[in-house]
Amino acid sequence: MPKKHTQSNKTKKRTGRDLDEIHADLIKPVKVAKLQNQLLDEDLPGRGQHYCVTCDRHFVDSGAKAGHERTKGHKRRLHALKEKPHTQREADLAGGLGVDN
């Protein structure tokens, strides 16, 4: 019998928001405050009260969130968010579109 088709690890992983979406949220202080002060939600870990905006993750308690903020993954995400996200206009200009020569 052939093997069953199983999901790869790439598709099993939790899909989060892209960096450009998070960057758009971080430049709006009202949006950041709304994400950090969410209403109680029984379906989310920690009832939605411990949220990392840069990584788009909920945590069980403040200790877990503080531990996460010391990890290499969180620091790499912060470093990646410091860069300006690429736009379609930049891609078109790099390809030579929109330039009259």
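Brief remarks follow.
- In the range 13-41, the qualifying residues are those that are among the small types (Gly, Ala, Ser) and either farther than 21 Å from residue 66 by Cβ or surrounded by 11 or more Cβ atoms within 10 Å (Cβ to Cβ) (or both), and the one that is modelled with the highest pLDDT is 24.
- Taking first residues from the range 81-98 that are more than 30 Å from residue 52 (Cα to Cα) and without any contact (Cβ under 8 Å) to a residue 60 or more places away in the chain and partners that are among the charged types (D, E, K, R) and exposed (fewer than 10 other Cβ atoms within 10 Å of the Cβ), no Cβ contact under 8 Å between residues at least 6 apart in sequence or on separate chains turns up.
- Residue in the range 42-93 that is nearest to the chain's Cα centre (by Cα), counting only those that are acidic (Asp, Glu) and exposed (fewer than 12 other Cβ atoms within 10 Å of the Cβ): 83
- Any pair with Cβ under 6 angstrom, 6 or more apart, that starts in the range 52-75 at a residue that is among the small types (Gly, Ala, Ser) and ends at one that is surrounded by 15 or more Cβ atoms within 10 Å (Cβ to Cβ): 62/50
- Note on the range 26-40: residues that are within 15 Å of residue 82 (Cβ to Cβ) and in a helix (DSSP H, G or I) total 1.
- If you go through the range 59-101 and keep only what is among the polar types (S, T, N, Q), under 21 Å from residue 35 (Cβ atoms) and not in a helix (DSSP H, G or I), you end up with just 71.
The values are calculated or read from the model by the stated rules, or taken from the named source; none is laboratory data. The structure presented is a predicted model; accordingly, all values stated were derived computationally and were not measured. Heads up, the Cβs are rebuilt from the backbone with ideal geometry, glycines too, and the neighbour counts pull from every protein chain shown.
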